[in-house]
Amino acid sequence: MKRIVILFSGNGTNLENIARKLHRKSLLISKAITNNPSAKGIERAKRLGIEVEVIDHRNFACREEFDEALVASIKQVEPDLVVLAGFMRILTPVFTDAITNAINIHPSILPLFKGAKAIERSYASDMRVAGVTVHWVSNELDGGQIIDQACFHREDESLEEFEARIHALEYELYPKVIEGLLQGKYPQKA
Ligand code: GRF
């Protein structure tokens, strides 16, 4: 069975969704790694029997040292794919040069609304569609090659309703892309 590692920082709902749909079915989650010792996702992962490793970024002098520890932890299990799911750290070339099979999900139709508060900025825009993107992780924040996207037509909805639709789309798209990549159903990374 193919193996993945999941990186997360907060709530962990994408982690939980991926675990419930795919873990021990079409793939194995070798472990989950978080930079945040108080991430809610830690409990979610443990409840689903997934090993969690905490690598607190505050224990490192700089981003590069943190990335070195992260890379070492990932390399221990040599996963087929590294899945970022709400991982809120800017990665340096120490990570991106060593880990070339990492993907991320971003809650906007990239290349629009890169970076923080993408849902709020997308909601505040006059665009009539909104959506989510899965892309390869590169040196540029939310700028790596796009793998797949999903979108919806906007209604007259509150920010909370809009956010819920974005998350629902993430829960549909991310497992599909992860499985698809592991089964060679998407084009190779350029
Ligand atoms: C998601 O909206 C994801 O697109 C973004 O961060 C959020 C993580 O949510 N990168 P969760 O931790 O998976 O609940």
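The values are calculated or read from the model by the stated rules, or taken from the named source; none is laboratory data. Please read all numbers here as calculations on a predicted model, not as lab measurements. Every residue, glycine as well, gets a Cβ built from its backbone with ideal geometry; the counts of neighbours run over all protein chains shown. Quick note on the areas: whole protein, heavy atoms, side chains included, nothing else; ligands and nucleic acids left out. Shrake-Rupley method; radii C 1.70, N 1.55, O 1.52, S 1.80 Å.
If you check Val82, Val132, Val71 for being closer than 19 Å to Ile33 by Cβ, in contact with a helix residue (DSSP H, G or I) (Cβ under 7 Å, 6 or more places away or on another chain) and outside any helix (DSSP H, G or I), only one passes: Val82. Here the range 2-15 is the region considered, the condition is being within 8 Å of the ligand (Cβ to nearest atom) and open to solvent by less than 30 Å² (accessible area, probe 1.4 Å), and the residue that is nearest to Ala164 (Cα to Cα) is Asn14. Number of residues in the range 154-177 that are within 12 Å of the ligand (Cβ to nearest atom), free of Cβ contacts under 8 Å to residues at least 60 places away in the same chain, open to solvent by 10 Å² or more (accessible area, probe 1.4 Å) and touching a helix residue (DSSP H, G or I) at 6+ places or on another chain (Cβ under 8 Å): the value is 1.
The rows are residues; the columns are (1) within 16 Å of the ligand (Cβ to nearest atom); (2) open to solvent by less than 70 Å² (accessible area, probe 1.4 Å); (3) farther than 25 Å from Tyr171 by Cα.
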| residue | (1), (2), (3) |
| --- | --- |
| Gln76 | no, no, yes |
| Ala102 | yes, yes, no |
| Ser122 | yes, yes, no |
| Val132 | yes, yes, no |
| Leu141 | yes, no, no |
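Which one is nearest to the ligand (Cβ to nearest atom), of the residues in the range 16-57 that are buried (at least 17 other Cβ atoms within 10 Å of the Cβ) and of a type in the set (Gly, Ala, Ser)? Top of the filtered list is Gly41. The condition of being crowded, with 17+ Cβ neighbours inside 10 Å and over 16 Å from the mean Cα position of the chain (by Cα) holds for only one of Phe60, Phe66, that being Phe66.
Of all the numbered requirements in (1) open to solvent by less than 50 Å² (accessible area, probe 1.4 Å); (2) within 16 Å of the ligand (Cβ to nearest atom); (3) under 24 Å from Asn17 (Cα atoms); (4) not in a helix (DSSP H, G or I), Arg89 misses one, and that requirement is (1).
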